[in-house]
Amino acid sequence: MTTFQDLDLSNPLRNSIEDLGFTHPTPIQEEAFPIVRSGKDVVGIAQTGTGKTFAYMLPILRDLKFSKQQHPRVLVLVPTRELVLQVVDEIEKLSKYMSLRVTGVFGGVNLNRHKQAVAEGADIIVATPGRLYDLALSNVLKLKSIQKLVIDEVDVMLDLGFRFQLLNIFDLLPERRQNIMFSATMTEDVENLIDDFFIAPKKIAIAVSGTPLDNIQQTSYNLPNFYTKVNLLNYLLFDKEEFSKVLIFAPNKRNADRLFEAVKEEYPSQSCVIHSNKTQNYRIRSIEQFNKGEKRILIATDVIARGLDLQEITHVINFNTPHFPENYMHRIGRTGRAEHEGKTILFSTEKEQEAKQRIEELMDYTIPLLEIPEQVEISTELTEEERPKEPGEISSNRTSQEYVPGPAFHEKKEKNQKTNQGGSYRREIAKKYKKPKTRGDKNYNKRNKKK
Ligand code: AMP
């Protein structure tokens, strides 16, 4: 097993690592060290807690020479103020025996204070994108001296709608620089950013195991569209005992909100939604209510669900089929913890079949396919994304920030009420027939037995 002695560290770094009491580099640290040092662009997929901060900081500090120059050579961009403070703290610990100036800047604090701090000179700046851009515009901070750009938690950053701020900052940076990026999840937004701005990046990732836990029972449904998925979901959720703690993954904020509206109509006060446009307080409250069992349905996006401690989830429902199979593995891993048996259900449309195949290939397992129960209405309503594009219509790659649910959203919701007859429809049928509509529907029989 590799120890820190095996890495080509400098003495000051060795000493500070020893003070910290660390003996072995984490896998991501071991892998990243030579690659970051090579000077190539790097994309690291790693979650918080894997030691990712040191993974990029150790090699950077290893090669950063003492300098008195005023303008920074290393820029670390992070999405939140908390992370600025945390990263600055980690750098200070690592550089304890070095002569190094590190400054952290973030929004919500008087700009003049940061201007002064920056004017004193720094080797490394750790910043949130908005504040950094303000400082660069005010000319106290010159970014032409940056040699290494690190973007940490880039998935969260893009999810918060910082894409344009990032692009503005890229414009001010010298073209010749090393780009280093770390993300917990691979999303399409992240991939687009890499394609647009990185040069032949080296990827570092701790391989995601393609072997799901034995105690996770997987099933899948093929469905024609969003609102039929909604109908099936509402039909399934009707069984409160079976579906007692359900985590539902939606692909993005827009769909998470849209789905929440549809589920809330059927199950008011039993569901909540979290994504990065919700306030911190709202998110904390939702998670608490879910964990305590006050709400049994939680709708979340991949990015936001990552850092959450959610307990004893009975079902993970993949409302969409993740484009990256690794995300499926992460999602389903939220259930079936410890002794508990977990269940996971995958919804796929025709368009998502390829993604489903990739997941099945990674696992080397074909997810059992279930028939759509007869009671589930097949909706003909299409979402904006599902509707065929008019010729000449630009398919915009919107960022989350641009998305504002406008009148069209509400119109659609009202229209949809007419056709979206999930649970209540099922109840009506049940009332009418007082027995399962189809005797062959095992789920239905199981449900009735329980009551
Ligand atoms: P991070 O993933 O960067 O948020 O780091 C998670 C935590 O692990 C931080 O508190 C680090 O100080 C700590 N840590 C980083 N590298 C190591 C290591 N090699 N051994 C033990 N702890 C570490």
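Can you spot a residue in the stretch 229-249 that is at pLDDT 95 or above and closer than 30 Å to GLY130 by Cβ?
Yes: one or more hits.
Can LEU166 be described as within 30 Å of ILE317 (Cβ to Cβ) and touching a residue at least 40 places away in the same chain (Cβ under 8 Å)? First the steps, then the outcome.
Details: within 30 Å of ILE317 (Cβ to Cβ): no; touching a residue at least 40 places away in the same chain (Cβ under 8 Å): yes.
Against the criterion (within 30 Å of ILE317 (Cβ to Cβ) and touching a residue at least 40 places away in the same chain (Cβ under 8 Å)), LEU166 does not qualify.
Matching residues to (1) crowded, with 19+ Cβ neighbours inside 10 Å; (2) over 27 Å from SER16 (Cβ atoms); (3) touching a His at 6+ places or on another chain (Cβ under 9 Å):
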site	(1), (2), (3)
VAL105	yes, no, yes
ASN112	no, yes, no
LYS115	no, yes, no
ALA119	no, yes, no
LEU137	no, yes, no
LEU172	no, yes, no
MET181	yes, no, no
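Restricting to the stretch 49-87, and then to whatever is among the hydroxyl-bearing types (Ser, Thr, Tyr) and crowded, with 16+ Cβ neighbours inside 10 Å, can you tell me which residue is nearest to the ligand (Cβ to nearest atom)?
To start, the set of residues in the stretch 49-87 that are among the hydroxyl-bearing types (Ser, Thr, Tyr) comprises 50, 53, 56, 67, 80.
Checking which are crowded, with 16+ Cβ neighbours inside 10 Å leaves us with 50, 53, 56, 80.
Numbers: THR50: 5, THR53: 3, TYR56: 9, THR80: 13 Å.
Filtering first and then ranking leaves THR53.
Please list, ordered by residue number, the helices (runs of 4 or more DSSP H) wholly in the stretch 278-348 having 1 or more residues that are under 25 Å from TYR227 (Cβ atoms) and of a type in the set (Asp, Glu). Full working, then the answer.
On the way: elements: 280-292, 302-305, 325-332.
The qualifying helices (runs of 4 or more DSSP H) are 302-305.
Could you list all residues from the stretch 231-252 that are over 15 Å from VAL316 (Cα atoms) and buried (at least 24 other Cβ atoms within 10 Å of the Cβ)?
ASN231
If a residue has to be touching a Phe, Trp or Tyr at 6+ places or on another chain (Cβ under 7 Å), within 11 Å of the ligand (Cβ to nearest atom) and either in contact (Cβ under 8 Å) with a residue 40 or more places away in the chain or under 16 Å from LEU61 (Cα atoms) (or both) to count, how many in the stretch 1-31 make the cut?
Qualifying residue count, the stretch 1-31: 5.
Using the structure shown, decide if LEU77 is out of contact with any Lys or Arg (no Cβ under 6 Å at 6 or more places or on another chain), touching a residue at least 12 places away in the same chain (Cβ under 8 Å) and within 19 Å of PRO174 (Cβ to Cβ).
Working: out of contact with any Lys or Arg (no Cβ under 6 Å at 6 or more places or on another chain): yes; touching a residue at least 12 places away in the same chain (Cβ under 8 Å): yes; within 19 Å of PRO174 (Cβ to Cβ): yes.
Taking the combined requirement at face value, the residue satisfies it.
Restricting to the stretch 99-115, name every residue that is over 14 Å from LEU61 (Cβ atoms) and away from the ligand (no atom under 16 Å from the Cβ). Steps first, answer last, please.
Pass one, the stretch 99-115, residues over 14 Å from LEU61 (Cβ atoms): 103-115.
Within the stretch 99-115, THR103, VAL105, PHE106, GLY107, GLY108, VAL109, ASN110, LEU111, ASN112, ARG113, HIS114, LYS115 qualify.
Out of the residues in the stretch 88-98 meeting the condition of being among the hydrophobic types (A, V, I, L, M, F, W, C) and away from the ligand (no atom under 12 Å from the Cβ), tell me which one is surrounded by the fewest Cβ atoms within 10 Å (Cβ to Cβ). Talk me through it step by step, then tell me what you get.
Start the filter on the stretch 88-98 by keeping residues that are among the hydrophobic types (A, V, I, L, M, F, W, C), which leaves 88, 91, 94, 98.
When the remaining residues are screened for being away from the ligand (no atom under 12 Å from the Cβ), the result is 88, 98.
Numbers: VAL88: 19, MET98: 17.
The extreme case among them is MET98.
If a residue has to be surrounded by fewer than 20 Cβ atoms within 10 Å (Cβ to Cβ) and within 22 Å of ASP257 (Cβ to Cβ) to count, how many in the stretch 320-329 make the cut?
Of the residues in that region, 1 qualify.
The values are calculated or read from the model by the stated rules, or taken from the named source; none is laboratory data. In this text the structure is predicted, and so the values were computed from the model without any measurement. Because the Cβ atoms are built from the backbone with ideal geometry, glycine has one as well, and the counts that use them run over all protein chains shown.
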